[in-house]
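S.K.: Let me begin by handing over the structure; questions about it come next.
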2 protein chains.
Amino acid sequence: MEGMMDILDLAGKRPSEVRNLIRRGSWTQPTSGLSNGYTQANLVILPEKYAYDFLLFCQRNPKPCPLLEVLDTGDPIIKLTAEHADIRTDLPKYRVYRNGLLNDEITDITSLWQEDFVSFLIGCSFSFEQALLENDIPVRQIEQQCNVPMFRTNIPCKSAGVFEGPMVVSMRPMTEKQAIRAIQVTSRFPSVHGAPVHFGNPEKIGIHDLLHPDFGDPVIIRDGEIPVFWACGVTPQAAVMASKPEIAITHAPGHMFITDQKDTVFSIL
Amino acid sequence: MEGMMDILDLAGKRPSEVRNLIRRGSWTQPTSGLSNGYTQANLVILPEKYAYDFLLFCQRNPKPCPLLEVLDTGDPIIKLTAEHADIRTDLPKYRVYRNGLLNDEITDITSLWQEDFVSFLIGCSFSFEQALLENDIPVRQIEQQCNVPMFRTNIPCKSAGVFEGPMVVSMRPMTEKQAIRAIQVTSRFPSVHGAPVHFGNPEKIGIHDLLHPDFGDPVIIRDGEIPVFWACGVTPQAAVMASKPEIAITHAPGHMFITDQKDTVFSIL
């Protein structure tokens, strides 16, 4: 019975099977842990008139905005990172923003589709977290079964047209020794955020209270651990909302697009 | 006396000094070997109406088209990769194409500048060749003091709007052992073409005669050596010319833009 499906049933399923369930409305929960080992992506959909500025913003800020695929204008079909996938139906939940404000949260955007929509799929830290776990580096928010803590920094992104704003980072606590290994491991994944942007003193990048993240949930920092910060895919979303486009659609937090590409494909070493 | 300057005088000079000489018209020769250790870039200038398609073409084909910087529309001043540099005067020689055909070769494009021009700086294999040499891997065209041999392949680029075409590759001959090391060394430089795309049998990628390159000069392949092929920055230029824009400006072959960034900065490991 589909109503009884849980994450364990879907962890080992192929991405196309999971996307089929999502398309039929049989799975509307977060995608973390589904189709284990396959890359998941953030989504931003914008009208074409913003597409050049947004593409340029991503080009100028590749660490927080690692583009995996940009669809042709008006085309909802994914071409490069998945087969037989439709961007309008194949994510479990979407957020619709109008003039920069959250307007709706829905599981299918077919009725909202416009001929001038351009869809951007952006790399996500799920990919490198798998590699961290395989290297015995703790990922605290997975241990605590909550969302990763994310913070606005004082590091400005390079602006492009109407888009600008601070870099948003995610934080994972670990020992110095683990941090050194984590730098090595994540350096192999430049297309999914790559190496950290900072570690240690959070004040240096404008973060004043690690227990009160701007997005996501707080996690425990144990004795002997330091915070390690990675550029985060929330950065481009925040820049889009700040520019108040008449309409923008994104994935709902944690409800990502599951590609057909294995995480390991994005490792350059 | 400036007329007596040769490449040896300029190998150790800072990029800003060399760019000043170029701007004054005191150096109109190729830039290979100038400001040793600093990254040089390919240039493509297009009217704004082609800029989105070209940016998307580069995003979809990052190995042959590694973008280092895209200037704002109409702005000739480099912001990120160099200080106090002007794209109109700071390359020693430019090529002007009209409707896809070479129309002129000039040393200053100030009089041709248009308010709708967008300038793209694209990574170049000079950066990783330095790393190859430091690892005792031969770079035959440097030994032979000629241009690197380049070939059209049967590998299609992913098209974007009006831009499409085959990948162009550069070829360097070496032993298998050197090829293994070369794969390691160039993998560190994903933003300047990265690892090779092929080695060995040239027929497999549609190359029928290694002694007759489509661009550049032939080089000797010694006994015991195999050809190793890297994606080449001529790829985006070839795609632009095939689309016959009313005007496009590029660097003249070998006459590159010298950035303020050291090659080593582009190494991710």
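The values are calculated or read from the model by the stated rules, or taken from the named source; none is laboratory data. From a predicted model like this one, the values you see are computed outputs, not experimental measurements. Because the Cβ atoms are built from the backbone with ideal geometry, glycine has one as well, and the counts that use them run over all protein chains shown.
S.K.: For A:L21, indicate whether it is closer than 30 Å to A:V162 by Cα, of a type in the set (A, V, I, L, M) and not assigned by TED's automatic domain parsing to the domain that holds A:A131.
M.R.: The answer is no for A:L21.
S.K.: Any residue at all in the stretch A:187-207 that's hydrophobic (A, V, I, L, M, F, W, C) and within 19 Å of A:Q144 (Cα to Cα)? It would help to see each step written out before you state the result.
M.R.: Quick first cut of the stretch A:187-207, residues hydrophobic (A, V, I, L, M, F, W, C) only: A:189, A:192, A:195, A:197, A:199, A:205, A:207.
Subset that is within 19 Å of A:Q144 (Cα to Cα): none.
No, because not a single residue in the stretch A:187-207 is hydrophobic (A, V, I, L, M, F, W, C) and within 19 Å of A:Q144 (Cα to Cα).
S.K.: Being surrounded by 22 or more Cβ atoms within 10 Å (Cβ to Cβ), among the small types (G, A, S), in contact (Cβ under 8 Å) with a residue 24 or more places away in the chain and within 14 Å of chain A (Cβ to nearest Cβ) is true for just one of B:G233, B:G194. Which residue is that? Give the steps one after another, and end with the answer.
M.R.: Numbers: B:G233 fails: within 14 Å of chain A (Cβ to nearest Cβ).
After ruling out the rest, the residue left standing is B:G194.
S.K.: Which of the strands (runs of 3 or more DSSP E) found entirely inside the stretch B:60-126 contain at least 2 residues meeting this: at pLDDT 95 or above and surrounded by fewer than 19 Cβ atoms within 10 Å (Cβ to Cβ)?
M.R.: Working: elements: B:67-70, B:94-98, B:101-106, B:117-122.
Where strands (runs of 3 or more DSSP E) fall fully within the stretch B:60-126 and carry at least 2 residues being at pLDDT 95 or above and surrounded by fewer than 19 Cβ atoms within 10 Å (Cβ to Cβ), they are B:94-98, B:101-106.
S.K.: Output the number of the condition that A:I45 fails; it satisfies all remaining conditions of (1) at pLDDT 95 or above; (2) surrounded by fewer than 22 Cβ atoms within 10 Å (Cβ to Cβ).
M.R.: The single condition A:I45 does not satisfy is (2).
S.K.: Restricting the stretch A:154-170 to residues that are within 30 Å of A:R222 (Cβ to Cβ) and out of contact with any Cys (no Cβ under 9 Å at 6 or more places or on another chain), which is surrounded by the most Cβ atoms within 10 Å (Cβ to Cβ)?
M.R.: So the first thing to find is which residues in the stretch A:154-170 are within 30 Å of A:R222 (Cβ to Cβ), and the list is A:154-155, A:166-170.
Filter once more, keeping what is out of contact with any Cys (no Cβ under 9 Å at 6 or more places or on another chain): A:154-155.
Working: A:N154: 11, A:I155: 19.
In this case the residue turns out to be A:I155.
S.K.: Considering only the stretch A:131-146, state which residues are more than 21 Å from A:D223 (Cβ to Cβ) and surrounded by fewer than 18 Cβ atoms within 10 Å (Cβ to Cβ). Talk me through it step by step, then tell me what you get.
M.R.: As a first pass, look at the stretch A:131-146 and keep what is more than 21 Å from A:D223 (Cβ to Cβ): A:131, A:133-135, A:145.
A:L133, A:E134, A:N135, A:Q145, listed by residue number.
S.K.: Which residue pairs have Cβ atoms closer than 7 Å, lie 6 or more positions apart in sequence or on different chains, and pair a first residue in the stretch B:50-73 that is at the interface with chain A (Cβ under 10 Å from one of its Cβ atoms) and closer than 22 Å to B:K262 by Cβ with a second residue that is part of a helix (DSSP H, G or I) and among the hydrophobic types (A, V, I, L, M, F, W, C)?
M.R.: The qualifying pairs are B:L67/B:C58; B:V70/A:L56; B:V70/B:L55.
S.K.: Pull out all pairs, ordered by first then second residue, where Cβ-Cβ is under 6 Å, the residues are six or more apart or on different chains, the first lies in the stretch B:89-109 and is of a type in the set (A, V, I, L, M), and the second is surrounded by fewer than 16 Cβ atoms within 10 Å (Cβ to Cβ).
M.R.: These pairs meet every condition: B:V96/B:N103; B:V96/B:D104.
S.K.: OK, next. Just one of the numbered conditions (1) within 14 Å of chain A (Cβ to nearest Cβ); (2) free of Cβ contacts under 8 Å to residues at least 40 places away in the same chain is not true of B:L269; which one?
M.R.: So the condition that B:L269 fails would be (2).
For (1) part of a loop (DSSP other than H, G, I, E, B); (2) in contact with a Phe, Trp or Tyr (Cβ under 7 Å, 6 or more places away or on another chain); (3) within 14 Å of chain A (Cβ to nearest Cβ); (4) not charged (D, E, K, R), each residue gets a yes or a no:
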| residue | (1), (2), (3), (4) |
| --- | --- |
| B:S16 | no, no, no, yes |
| B:I22 | no, no, no, yes |
| B:W27 | yes, no, no, yes |
| B:N42 | no, no, no, yes |
| B:I45 | no, yes, no, yes |
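S.K.: All but one of (1) free of Cβ contacts under 8 Å to residues at least 12 places away in the same chain; (2) at the interface with chain A (Cβ under 10 Å from one of its Cβ atoms) hold for B:I77; state the number of the condition that does not hold.
M.R.: Just one mismatch for B:I77, condition (2).
S.K.: Suppose the filter is over 21 Å from B:G233 (Cβ atoms) and in contact with a strand residue (DSSP E or B) (Cβ under 9 Å, 6 or more places away or on another chain); does B:T110 pass it?
M.R.: Details: over 21 Å from B:G233 (Cβ atoms): yes; in contact with a strand residue (DSSP E or B) (Cβ under 9 Å, 6 or more places away or on another chain): yes.
The answer is yes for B:T110.
S.K.: Here is a further query. Which is within 16 Å of the chain's Cα centre (by Cα) and at pLDDT below 95, of B:F257, B:F189? Can you show your working first?
M.R.: On the way: B:F257 fails: at pLDDT below 95.
Answer to the check: B:F189.
S.K.: Is at least one residue of the stretch A:216-227 under 16 Å from A:R152 (Cα atoms) and touching a Phe, Trp or Tyr at 6+ places or on another chain (Cβ under 8 Å)?
M.R.: Step one: filter the stretch A:216-227 for residues under 16 Å from A:R152 (Cα atoms), giving A:216-218, A:227.
Next cut, touching a Phe, Trp or Tyr at 6+ places or on another chain (Cβ under 8 Å) only: A:227.
The answer is yes, given that some residue of the stretch A:216-227 is under 16 Å from A:R152 (Cα atoms) and touching a Phe, Trp or Tyr at 6+ places or on another chain (Cβ under 8 Å).
S.K.: Which pairs have Cβ atoms under 6 Å, sit 6 or more apart or on different chains, and link a residue in the stretch B:9-26 that is over 18 Å from B:T107 (Cα atoms) to one that is in a helix (DSSP H, G or I) and at pLDDT 95 or above?
M.R.: Every condition considered, the pairs that remain are B:L10/B:V18.
S.K.: Follow-up question, since we're still on this one. Which of the residues that make up the stretch A:11-47 are within 20 Å of the chain's Cα centre (by Cα), farther than 21 Å from A:V234 by Cβ and of a type in the set (A, V, I, L, M, F, W, C)?
M.R.: Once the filter is applied, which keeps residues that are within 20 Å of the chain's Cα centre (by Cα), farther than 21 Å from A:V234 by Cβ and of a type in the set (A, V, I, L, M, F, W, C), the stretch A:11-47 yields A:A11, A:V18, A:I22, A:W27.
S.K.: So, one more: Looking at (1) surrounded by fewer than 19 Cβ atoms within 10 Å (Cβ to Cβ); (2) at pLDDT below 95; (3) away from chain B (no Cβ under 14 Å), which is the one condition that is false for A:T175?
M.R.: Result: A:T175 passes all but (2).
S.K.: Additional query: Count, please, the residues in the stretch A:242-266 that happen to be surrounded by fewer than 18 Cβ atoms within 10 Å (Cβ to Cβ) and either within 24 Å of A:I207 (Cβ to Cβ) or within 14 Å of chain B (Cβ to nearest Cβ) (or both).
M.R.: Matching residues across the stretch A:242-266 total 4.
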